[in-house]
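The values are calculated or read from the model by the stated rules, or taken from the named source; none is laboratory data. It should be emphasised that the depicted structure is a prediction, and the values quoted were computed from it without experimental measurement. FYI the Cβ positions are ideal-geometry reconstructions off the backbone, even for glycines, and counts take in every protein chain you see. Please note that ligands, DNA and RNA were not included when accessible areas were found on the heavy atoms of the full protein model with its side chains. Shrake-Rupley method; radii C 1.70, N 1.55, O 1.52, S 1.80 Å.
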Amino acid sequence: PTELVLHCFSFLELKSLIASQGVCQEWRRLVPLAELDPARRRLLDLYHTVINSPLFIKMNSPGFHFTPFDRQAYVDCLLSQYHKIPHEFRLWILEWPSRAVIASLWPALPLEDCMTDTCTKRSGANWIAFTPPQLSAVIYGSFSRFETREREFIPGLLTWSVNGETTWIVFDERPDLFGRVFSLFE
C-alpha cells in the first residue's frame with residue numbers, strides 16, 4: 001500500500017531517497033510526498049537543482065581529485081571540539097553524494113588555493129577540507145562606530161577563503177546564530 005511505502009521513505013537517508021526515485025515512476029512520484037526531515041527534504045531539492053544544472057557535467061569532469069574521507073570521523077572530530085553541530089551541516093557531511101560537489105566545497109577535495117574560476121573549480125581555498133577539521137573563533141559584533149554592541153568571539157568553522165573574504169559556519173548556540181553562514185571581509 002502507498003501509505004506503507006511513504007512511511008518507509010521517511011526513514012531513508014538522502015542517498016537512498018535519490019536511489020528510490022530511480023526505481024520506478026511510481027516511487028519517483030511518491031518520494032516528494034513522504035514526510036521527510038525538513039533538512040533532508042531541502043538537501044534532496046538542492047540535489048535535484050544541482051544535477052539539473054547545465055554546469056553539472058562540467059563540474060564533475062576529471063578535474064576533481066577526491067581524497068579518502070571518513071564522514072563520521074569528520075563529524076566526531078567536530079563534536080569533540082564543540083558539543084553541538086548544526087543539523088543541516090551534519091546531514092550534508094554524512095549524506096550528500098560526493099560526486100554532486102557544489103562550487104568546489106567538499107571535505108574530500110584538496111585544500112588548495114585555486115587562483116582562477118573555471119567550469120570545474122572556484123577561485124579560493126577549500127578550508128572545509130582541512131584535516132582534522134578545526135573549529136576557530138569568529139569575531140562577531142558591531143564594527144561600526146554608530147552601534148554599541150560589543151564584539152565577541154563565537155565558535156565557527158572556516159569553509160572557504162578568497163582574496164580577503166572568509167566564509168564561516170557558526171556553531172554558537174544562540175538561535176539567531178546557530179548554523180548561519182557568515183562571510184567576512186578584511
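Points worth noting:
- Taken together, Val50, Val5, Val31 contain a single residue that is of a type outside the set (Lys, Arg), open to solvent by less than 70 Å² (accessible area, probe 1.4 Å) and without any contact (Cβ under 8 Å) to a residue 24 or more places away in the chain, which is Val31.
- Only a single item in (1) more than 21 Å from Trp168 (Cβ to Cβ); (2) surrounded by 12 or more Cβ atoms within 10 Å (Cβ to Cβ) is not met by Gln25, and it is number (2).
- Of residues in the range 1-48 being over 14 Å from Trp92 (Cβ atoms) and of a type in the set (Ser, Thr, Tyr), the one modelled with the lowest pLDDT: Thr2
- Among the residues listed as Thr159, Thr166, the single one being within 18 Å of the chain's Cα centre (by Cα) and open to solvent by 30 Å² or more (accessible area, probe 1.4 Å): Thr166
- Exactly one residue out of Leu78, Leu91 is in contact with a helix residue (DSSP H, G or I) (Cβ under 6 Å, 6 or more places away or on another chain), aliphatic (A, V, I, L, M), more than 21 Å from Val162 (Cβ to Cβ) and modelled with pLDDT of 95 or more: that is Leu91.
- Test for Lys84: is it open to solvent by 50 Å² or more (accessible area, probe 1.4 Å), out of contact with any Leu (no Cβ under 7 Å at 6 or more places or on another chain) and at pLDDT 75 or above: yes
- Among (1) among the hydrophobic types (A, V, I, L, M, F, W, C); (2) free of Cβ contacts under 8 Å to residues at least 12 places away in the same chain; (3) touching a Gly at 6+ places or on another chain (Cβ under 8 Å), the one test that Phe11 misses: (3)
- Residue within the range 138-147 that is surrounded by 11 or more Cβ atoms within 10 Å (Cβ to Cβ), hydrophobic (A, V, I, L, M, F, W, C) and at pLDDT 90 or above present: no
- Of all residues in the range 53-75 being closer than 19 Å to Glu95 by Cβ and open to solvent by 70 Å² or more (accessible area, probe 1.4 Å), the one that is modelled with the lowest pLDDT: Pro68
- Within the range 37-59, the set of residues being over 12 Å from Ile18 (Cβ atoms) and among the hydrophobic types (A, V, I, L, M, F, W, C) comprises Ala39, Leu55, Phe56, Ile57, Met59.
- Residues of the range 106-135 that are open to solvent by 70 Å² or more (accessible area, probe 1.4 Å), at pLDDT 85 or above and touching a helix residue (DSSP H, G or I) at 6+ places or on another chain (Cβ under 8 Å): Gln134 alone.
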